[in-house]
Amino acid sequence: MISGWLSTALARRNIHYGWAMIAVTFVTALVSAAAVGAPGVFIVPLQKEFGWSTAEISSAMSIRFVLFGLMAPFAAALMNRYGLRNVTLTALLIVVASLILSLGMTQLWQLVALWGFAVGVGTGMTALVLGTTVASRWFKERRGLVIGILTASAATGQLIFLPILAGITAQAGWRWALALMCVMLAIAATGVLLVMRDRPSDLDLRPFGDTGTDPLPAPPPANAPIMAAALGALRDAAKTKVFWILFATFFICGASTNGLVQVHLIPMCLDFGIPEVQAAGLLAAMGIFDFIGTIASGWLSDRYDNRYLLFWYYGLRGLSLLALPFTDFTFYGLSLFAMFYGLDWIATIPPTVRLTAARFGAERAGLVFGWIFAGHQLGAATAAFGAGLSRTVLLSYLPAFFAAGALCIIAAVIVLGITKDKKAATA
């Protein structure tokens, strides 16, 4: 087996196999996230080829965002039941098959079925839960750093490939760009098949940083009901105020990032005469700053009150969205927006995860955060469709950007409604 040989080779160099797991998970998250964000590049080409309106195309993307989020609470249960490698490989194969089939689509319902439902389910089977599960199983030390890196890779992957895809689309058409996505997903699937393993004990290892000598506990039984675990966590969490505050603020987070900027910034730039490749480069720049900002946010969330961090993150993001239309879409104005907004793209995730763990306990934090993340994707879906509708009916994206900015200001205020619970934090 490749994994056994690789484990031995790494051990000779005093490198834990967990870092190989991080590498393959990083690539998987990067490429899967790119598959979620890539259709934003194809809005205008699809309009020109098929005559579909922005609202019609956005409806498929909205469905994808909804399913991407709603699968999150069940993803952890699926991985516990069927294993990390099996679930991740299945997810990648679903996405690849959907994109290959879409190369020959001619009807709107095919776009909805393939890019909406199939890609939404496939990418949602991993989402942010894959990185969290790998970090918790394979690392005892440096777990926060690992989660920060893998979380940043998910968002960065949605942005960093866009200039490449936009360039290919402009030169050769959207089908060639989509074919490149399929190749990258196939490479990621091969890496998962050869390298990924469920637990360190599969290779007779202990988690990174675990220097104990006692035998590792046996994995929990793999017959736990998936629906009962996920829905039970929702039932209990929904009885608390903090859950609904985090759900509402994360809804706004999704509405002001993935659903709005990721999907509609490129076509909005085209409205102002900015070429598609240059607009995609703007998103790529955001991805680079996002990678820095998310890791820095993880460092800050270990040291400062997470409520106040979220207050500043949402408040500053809202101000940047409200200011965007007044940049006149000049090179310097957009560059400043890309840097400022990019640093804040998903900086909200580390403090939100920490608040979730503090209030609901480490054992249930993953399941509860899965439902909060579902709120994030519901917000993304709402914004993806709403901004497309604004462009179709009002002939402008600007009302959607003003609305998202105002919502971020509201999120900054309501997050302060989370009271400091010393007992829960201690537990």
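Which ones in the stretch 347-375 are part of a helix (DSSP H, G or I), open to solvent by less than 10 Å² (accessible area, probe 1.4 Å) and under 21 Å from Leu321 (Cβ atoms)?
Pro351, Thr352, Gly375 - these are the residues of the stretch 347-375 that are part of a helix (DSSP H, G or I), open to solvent by less than 10 Å² (accessible area, probe 1.4 Å) and under 21 Å from Leu321 (Cβ atoms).
Determine whether the stretch 124-131 contains at least one residue that is of a type in the set (S, T, N, Q) and in a helix (DSSP H, G or I).
Taking the stretch 124-131 first, the residues of a type in the set (S, T, N, Q) are 126.
Among the residues that remain, those that are also in a helix (DSSP H, G or I) are: none.
Checked the stretch 124-131: no residue is of a type in the set (S, T, N, Q) and in a helix (DSSP H, G or I).
How about the stretch 212-230: which of its residues are modelled with pLDDT of 75 or more and surrounded by fewer than 16 Cβ atoms within 10 Å (Cβ to Cβ)?
Answer for the stretch 212-230, where residues must be modelled with pLDDT of 75 or more and surrounded by fewer than 16 Cβ atoms within 10 Å (Cβ to Cβ): Met227, Ala228.
Looking only at the stretch 276-320, count every residue that is open to solvent by 10 Å² or more (accessible area, probe 1.4 Å), in contact with a Pro (Cβ under 7 Å, 6 or more places away or on another chain) and more than 27 Å from Pro399 (Cα to Cα) and tell me the total.
Residues that pass the stated criteria total 3.
For residues in the stretch 133-143 being part of a helix (DSSP H, G or I) and either touching a Phe, Trp or Tyr at 6+ places or on another chain (Cβ under 8 Å) or open to solvent by less than 10 Å² (accessible area, probe 1.4 Å) (or both), which is nearest to Leu205 (Cα to Cα)?
Filtering the stretch 133-143 down to residues part of a helix (DSSP H, G or I) leaves 133-138, 143.
Now narrow it down to the ones that are either touching a Phe, Trp or Tyr at 6+ places or on another chain (Cβ under 8 Å) or open to solvent by less than 10 Å² (accessible area, probe 1.4 Å) (or both): 134-135, 138.
Numbers: Val134: 14, Ala135: 15, Trp138: 9 Å.
Among those residues, the one meeting the criterion is Trp138.
Against the condition open to solvent by less than 10 Å² (accessible area, probe 1.4 Å) and either part of a loop (DSSP other than H, G, I, E, B) or not charged (D, E, K, R) (or both), how does Thr106 come out, does it pass?
So Thr106 fails the test.
For the list (1) open to solvent by 20 Å² or more (accessible area, probe 1.4 Å); (2) within 28 Å of Ile372 (Cβ to Cβ), I need the number of the one condition that Gln171 fails.
Gln171 satisfies all of (1) open to solvent by 20 Å² or more (accessible area, probe 1.4 Å); (2) within 28 Å of Ile372 (Cβ to Cβ) except (2).
Among Ala284, Ala296, Ala238, which is the only one that is without any contact (Cβ under 8 Å) to a residue 60 or more places away in the chain and closer than 23 Å to Phe337 by Cβ?
Going through Ala284, Ala296, Ala238 in turn, just one is without any contact (Cβ under 8 Å) to a residue 60 or more places away in the chain and closer than 23 Å to Phe337 by Cβ: Ala296.
Among the residues of the stretch 231-244, which ones are open to solvent by less than 50 Å² (accessible area, probe 1.4 Å), out of contact with any helix residue (DSSP H, G or I) (no Cβ under 6 Å at 6 or more places or on another chain) and at pLDDT below 90?
The one that is open to solvent by less than 50 Å² (accessible area, probe 1.4 Å), out of contact with any helix residue (DSSP H, G or I) (no Cβ under 6 Å at 6 or more places or on another chain) and at pLDDT below 90: Gly232.
Looking at this structure, is Met79 touching a helix residue (DSSP H, G or I) at 6+ places or on another chain (Cβ under 7 Å) and open to solvent by 30 Å² or more (accessible area, probe 1.4 Å)?
The answer is no for Met79.
Within the stretch 111-119, can one find any residue that is modelled with pLDDT of 85 or more, under 21 Å from Gly83 (Cα atoms) and under 15 Å from the mean Cα position of the chain (by Cα)?
yes
The conditions are (1) within 24 Å of Asp198 (Cβ to Cβ); (2) open to solvent by less than 50 Å² (accessible area, probe 1.4 Å); (3) touching a residue at least 12 places away in the same chain (Cβ under 8 Å); (4) in a helix (DSSP H, G or I), and Ala9 fails exactly one of them. Which is it?
(3)
Return the total of residues in the stretch 226-243 being assigned to a helix (DSSP H, G or I), farther than 19 Å from Val66 by Cβ and of a type outside the set (Val, Ile, Thr).
9
Is there any pair linking a residue in the stretch 335-355 that is closer than 26 Å to Phe243 by Cα to one that is assigned to a loop (DSSP other than H, G, I, E, B) and at pLDDT 85 or above, with Cβ under 8 Å and at least six apart or on different chains, and which?
Trp345/Thr257; Ile346/Thr257; Leu355/Ile418
The values are calculated or read from the model by the stated rules, or taken from the named source; none is laboratory data. Keep in mind that what you see is a predicted model, and the values were worked out from it rather than measured. Don't worry about glycine lacking a Cβ; one is built from the backbone with ideal geometry, like all the others, and counts go over all protein chains shown. Ligands, DNA and RNA are stripped out before the accessible areas are found, and what is left, the full protein with its side chains, is counted by its heavy atoms. Shrake-Rupley method; radii C 1.70, N 1.55, O 1.52, S 1.80 Å.
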